[in-house]
Amino acid sequence: MNDPKPAHFLSGVSNSFRYTEKTNPACSNLQFLTYGVYELAGQVQTGILAHPAEEALLFCWEGKLNAHVAGQTYPLEHYDVLYIPRDTSYRLSQPEGQSKVIICRAGAEKSHPVFHARWNEFSKSEKRIRHLKGKDVFLMFDVTEPGDKLIAGYTIFQPNQRSYPPHNHTDQEEIYIFTRGKGSMEVYADEETKTFVRSVGEGDAVTIPLLNYHPVFSQDEELHFIWCIAGNRYWVGDKNKDFMTGKVDKLTT
């Protein structure tokens, strides 16, 4: 007979791991994207996490933790991004503290390599930055990285700025997830029928179905957000230079 093993007492306020799913194609007008948040508190090591037939991006929003993927450990710090290939299992762990990880997922047909984008490196690399008037775009998982549908990055608005020119997509759906600051956002197919005008702040997110313009406006502080795209893989400013120069009133890609 095996020797008995001791029990564990799990306090109601003890270490914990929680996943909250915010939206998925069954409850939105998006075809591909699912978005959720992992929250880790205290000393935590999760069980196996996996997303059958989907690729995923993990965005370290708060704290520090480790992701264990395919026998490798990837430390995740503020604004780091990790690409999880289709059908690849992983675990999350941390020795202490509080952390939050945003996850975006979409269906994929092929498996591609794990990719680790470190904010401390990418935020200083001009190859990864697109400078626009009053704002900077950081390409964290771009077309140079193999993937099926996903590309993503961060945009940081300086105070009292707006998106210009407004743009929409015929072949990309998108979600904006706000990680710092306060502002507002509009989503509309045309000016006459515009009804979606919302204040946004830290932790809010907005889904952007096909063919919707989606300008953002910052207020008296910096406004940070994740943009995650599923569909044809390109960033609007690299495909259409009028987006960079602002010489048109609006554009469609």
Subject >> Restraint check, 64/241; 124/247; 100/127; 100/250; 110/135; 124/241, Cα-Cα greater than 32 Å >> reply: 64/241; 100/250; 110/135
Subject >> Positive-end residue, segment 1-113 charge dipole about Cα centroid, Cβ charges, pick of 30, 49, 8 >> reply: 8
**OP:** With runs of 4+ DSSP H residues as the only contributors, calculate the mean residue ellipticity of the chain at 222 nm using -39,500 (n - 2.57) per run, divided by the residue total and rounded to the nearest 500.
**Re:** -500 deg cm²/dmol
**OP:** Work out from phi, with θ = phi - 60° and the Karplus expression 6.51 cos²θ - 1.76 cosθ + 1.60, the ³J(HN,Hα) of each residue of segment 92-109, listed in order in whole Hz, and give x for Gly and Pro.
**Re:** 10, 8, 7, x, 5, x, 10, 8, 10, 10, 8, 10, 10, 10, 7, x, 9, 9
**OP:** List, largest first, the extents of the alpha carbons of segment 1-157 along their principal axes, each in whole Å.
**Re:** 67, 32, 32
Original post:
Sorted by packing (mean other beta-carbon atoms within 10 Å per residue), highest first, where do 79-90, 188-199 land?
Top reply: 79-90, 188-199
Original post:
How large is the accessible surface per residue of segment 75-196, computed with a 1.4 Å probe and reported in Å² as a whole number?
Top reply: 44 Å²
**OP:** Please work out whether segment 164-253 counts as rounded, prolate or oblate from its C-alpha gyration tensor, where a ≥ b ≥ c are the square roots of the eigenvalues and a/c under 1.5 means rounded, while otherwise a/b larger than b/c means prolate and anything else oblate?
**Re:** rounded
Original post:
With θ set to phi - 60° and the Karplus curve 6.51 cos²θ - 1.76 cosθ + 1.60, what are the ³J(HN,Hα) couplings of segment 184-189 in order, to the nearest whole Hz, using x for Gly and Pro?
Top reply: 8, 8, 10, 9, 7, 7
Subject >> Alpha-carbon centroids, segment 76-91 and segment 110-141: separation in whole Å >> reply: 15 Å
**OP:** Please give the solvent-accessible surface of residue 96 in Å², to the nearest 10, using a probe radius of 1.4 Å with every protein chain present.
**Re:** 140 Å²
Original post:
Roughly how many percent of the accessible protein surface of segment 143-204 is carbon and sulfur, given a 1.4 Å probe and a whole-percent answer?
Top reply: 45 percent
Subject >> Residues whose placed amide H lies under 5 Å from that of residue 204, excluding near-sequence neighbours >> reply: 178
Subject >> Spin-label model distance (nm) - residue 160 vs residue 190, 7 Å beyond Cα toward Cβ >> reply: 3.5 nm
Original post:
Which shape class applies to segment 183-229: rounded if a/c is under 1.5, otherwise prolate when a/b exceeds b/c and oblate if not, where a ≥ b ≥ c are the square roots of the Cα gyration tensor eigenvalues?
Top reply: oblate
Subject >> Sequence-distant residues sharing a close amide H with residue 250 (under 5 Å, placed H) >> reply: none
Original post:
Quick one: putting +1 on the C-beta of Lys and Arg, -1 on the C-beta of Asp and Glu, what dipole do you get for segment 95-253 around its Cα centre, in Debye to the nearest 20?
Top reply: 340 debye
Original post:
So, with +1 on the Cβ of K and R and -1 on the Cβ of D and E, and no other charges, what is the size of the charge dipole of segment 165-208 about its Cα centre, to the nearest 20 debye?
Top reply: 300 debye
Original post:
In Å and whole numbers, how far do the C-alpha atoms of segment 55-140 stretch along each principal axis, longest first?
Top reply: 40, 37, 18
Original post:
Which Cys residues of the chain have no other Cys Cβ less than 4.7 Å away and so no disulfide-compatible partner by this rule?
Top reply: 27, 60
Original post:
With a ≥ b ≥ c the root eigenvalues of the C-alpha gyration tensor of segment 1-56, is it rounded (a/c under 1.5), prolate (a/b larger than b/c) or oblate?
Top reply: prolate
**OP:** Towards the positive end of the charge dipole of segment 64-130, with charges on Cβ (+1 Lys, Arg; -1 Asp, Glu), say which of 107, 69, 92 has the farthest Cα.
**Re:** 107
**OP:** Give the long-range amide H neighbours of residue 76: residues separated by 5 or more places, or on another chain, with amide H under 5 Å away, using H modelled in the peptide plane at 1.01 Å from N.
**Re:** 65, 66, 67
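The values are calculated or read from the model by the stated rules, or taken from the named source; none is laboratory data. These numbers come from a predicted model, not from an experiment. FYI the Cβ positions are ideal-geometry reconstructions off the backbone, even for glycines, and counts take in every protein chain you see. Each accessible area value is taken on the protein alone, full model and side chains, heavy atoms only, with ligands, DNA and RNA left out. Shrake-Rupley method; radii C 1.70, N 1.55, O 1.52, S 1.80 Å.
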